[in-house]
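There's a structure below that I have some questions on.
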Amino acid sequence: MRKEASLTVLLTNHALPRHSIKTERVSIHLTSAPEPRAVYVERIDETHANAKRAWREMGEPEYLSAGEVASLEAASRVAREPLDWKYENGVVHLDLELAPHAVASVAMEFVESLVEGRGA
């Protein structure tokens, strides 16, 4: 997804059935870019936004109390976390690890427009 002063990159780490999978290190290098104001990551994986894991940790109850439902709703929320980045010579550099079967959205907010010749 591309907006005038932001860019979002969607990353996945999946494998075909019966194929091995492991945590992957992802490096992004965005060239000819303005300096970011902020970079964030939102993840869905075993430890982020995973209501099923929370339900299993509850003992897999068949019927849920109102408190358990609220707890599972909270466990399913996608959290926006700041992501470290470097800016050198017009290139944005960032690295992150992507767990097996994970999805991550990396959003970059820029001070100025990505479209050449236009301000933010």
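The values are calculated or read from the model by the stated rules, or taken from the named source; none is laboratory data. Since the model is a prediction, treat every value here as computed from it, not as a measurement. No Cβ is skipped: glycine too gets one built from the backbone with ideal geometry, and neighbour counts run over all protein chains shown.
For residues that are at pLDDT below 65 and in contact with a strand residue (DSSP E or B) (Cβ under 8 Å, 6 or more places away or on another chain), scanning just the range 91-120, find the one that is farthest from V39 (Cα to Cα).
Taking the range 91-120 as the starting set, the residues that turn out to be at pLDDT below 65 are 114-120.
Adding the requirement that they be in contact with a strand residue (DSSP E or B) (Cβ under 8 Å, 6 or more places away or on another chain) leaves 114, 120.
Numbers: L114: 15, A120: 17 Å.
Among those residues, the one meeting the criterion is A120.
Can you tell which of A38, A54 is over 18 Å from P82 (Cα atoms) and not in a loop (DSSP other than H, G, I, E, B)?
Every option except A54 fails the conditions.
Follow-up question, since we're still on this one. In the range 67-101, what count of residues is obtained for those that are surrounded by 15 or more Cβ atoms within 10 Å (Cβ to Cβ) and aliphatic (A, V, I, L, M)?
Residues that pass the stated criteria total 8.
With the requirement that a residue be buried (at least 16 other Cβ atoms within 10 Å of the Cβ), out of contact with any Ser or Thr (no Cβ under 9 Å at 6 or more places or on another chain) and at pLDDT below 95, what does the range 1-29 give you?
The answer is S6, L7.
Table: residues versus (1) more than 24 Å from the chain's Cα centre (by Cα); (2) surrounded by 15 or more Cβ atoms within 10 Å (Cβ to Cβ); (3) modelled with pLDDT of 95 or more; (4) of a type in the set (K, R).
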site: S32; (1), (2), (3), (4): no, no, no, no
site: V41; (1), (2), (3), (4): no, yes, yes, no
site: E46; (1), (2), (3), (4): no, no, no, no
site: Y63; (1), (2), (3), (4): yes, no, yes, no
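Going by the structure shown, is K86 of a type in the set (D, E, K, R), in contact with a strand residue (DSSP E or B) (Cβ under 6 Å, 6 or more places away or on another chain), more than 17 Å from L10 (Cβ to Cβ) and free of Cβ contacts under 8 Å to residues at least 12 places away in the same chain?
yes
Do we have A54 as within 21 Å of L11 (Cα to Cα) and aliphatic (A, V, I, L, M) here? Write out each step before concluding.
Numbers: within 21 Å of L11 (Cα to Cα): no; aliphatic (A, V, I, L, M): yes.
It is false that A54 is within 21 Å of L11 (Cα to Cα) and aliphatic (A, V, I, L, M).
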